[in-house]
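Quick note: the coordinates plus some simple rules give every number you see, no bench work behind them. Every value quoted in this text rests on a predicted model; they were computed, and no experiment measured them. We place every Cβ from the backbone using ideal geometry, glycine too, and count neighbours over all the protein chains shown.
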């Protein structure tokens, strides 16, 4: 399973764009990059998934360079309610396990 | 989407007692469910994979006799913490895959978690 590395914490202010980068140097050909969000005392929630280039949904964008060794989750115009832990996961093409790394604790300030 | 519920949301028990936590997929059938444990300010750690109609698969270091898992139906998995001790106090989260949903690889839907406190 590919290991992921992301910053332990980040601070931002309301209205700013936040970019969280994750490195996954050992990603395999069939792996997908997936991000989950977790609020305190709740289960994680799926945000976005991508394989390469750029993926955008109503919540976030995910940028993946050609070598796929890293990815960047972009949250546009964050609000206080975006304060949470964000986990970058590499999902294998086989099996069905998810392996959570340390995550990035995002604090959005007023 | 898909909804996963857990019951109870929190429980306090005395040391030595057993506690059962239920995980239900409310609007889909899940042949596989997962149980995680999360200590404060730490990440989720996979404890076991629960397979409907068969034995659970436990991760290395997780005692199968202490954490009993039963997946008797396609919508229900239970985790029983037997002879609980204070060090078992944690946040237990289950998840399930909705295999009928296409498009997202291995997307898992997580329950709201159960906070266990053992006195």
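Taking the Cβ of each residue in B:65, B:88 as the centre, tally the other Cβ atoms inside 10 Å and list the residues starting with the fewest.
Values: B:65 8, B:88 19.
By the 10 Å Cβ count, ascending: B:65, B:88.
Could you work out the mean count of beta carbons from other protein chains within 10 Å of each residue's beta carbon in A:32-41? Mind showing how you got there, number by number?
Details: counts 4, 1, 5, 0, 4, 0, 6, 0, 2, 7.
So the per-residue partner count for this stretch is 3.
Which distance in Å, rounded to a whole number, links the C-alpha centroids of region A:46-110 and region B:44-119?
A separation of 24 Å, based on Cα centres.
Taking every residue in A:98-110, how many Cβ atoms of other protein chains lie within 10 Å of its Cβ, on average?
The shielding value for this peptide is 2.
Would you mind calculating the gained length between residue B:15 and residue B:2 on full extension (0.36 nm times residue separation, minus the Cα-Cα distance), in nm to one decimal?
1.2 nm
Project the alpha carbons of region A:33-78 onto their principal axes and report the range along each, largest first, in whole Å.
36, 21, 13
Work out the P(r) tail for the protein assembly as shown: percent of alpha carbon pairs separated by more than 34 Å, whole number. Could the numbers behind the result be given before it?
Numbers: 4066 of 26106 pairs.
For the protein assembly as shown, the share of Cα pairs beyond 34 Å comes to 16 percent.
Using all C-alpha to C-alpha distances in region B:51-107, build P(r) with 10 Å bins and read off the rounded percent in each one.
18, 45, 29, 8, 0
In a Gaussian network model over chain B where Cα atoms closer than 10 Å are linked, find which of B:19, B:11, B:104 has the largest mean-square fluctuation.
So, out of B:19, B:11, B:104, the one fluctuating most is B:104.
So for region A:38-110, averaging the separation of alpha carbon pairs under 8 Å that are six or more residues apart and normalising by length, what relative contact order in percent results?
23 percent
When a/c reaches 1.5 or more, the comparison of a/b and b/c decides; with that in mind, is region A:1-58 rounded, prolate or oblate per its Cα gyration tensor?
prolate
Which residue fluctuates most in the GNM of chain A (Cα springs below 10 Å): A:31, A:11, A:82?
A:11
Using Cα-only point scatterers and the Debye equation, what is log10 of I(q)/I(0) for chain A at each q in 0.22 Å⁻¹, rounded to two decimals?
-1.22
First measure r as the distance between the Cβ atoms of residue A:67 and residue A:39, then evaluate 1/(1 + (r/R0)^6) with R0 = 25 Å and state the FRET efficiency to the nearest 0.05.
0.15
Between A:28, A:66, A:84, find the one with the highest GNM mean-square fluctuation for chain A; connect C-alpha pairs within less than 10 Å.
Of the options given, A:66 has the highest mean-square fluctuation.
Partner chain Cβ atoms within 10 Å, averaged over the residues of B:105-115 - can you pull that number for me?
The mean count of partner-chain Cβ atoms within 10 Å per residue comes to 6.
For q values of 0.11, 0.13, 0.15 Å⁻¹, compute log₁₀ I(q)/I(0) with the Debye formula on a Cα-only model of chain B, without solvent.
The Cα Debye sum returns log10 ratios of -0.33, -0.46, -0.61.
May I ask you to sort A:97, B:47 by Cβ crowding, counting other Cβ atoms within 10 Å and putting the fewest first?
Taking fewest neighbouring Cβ atoms as first place, the list is A:97, B:47.
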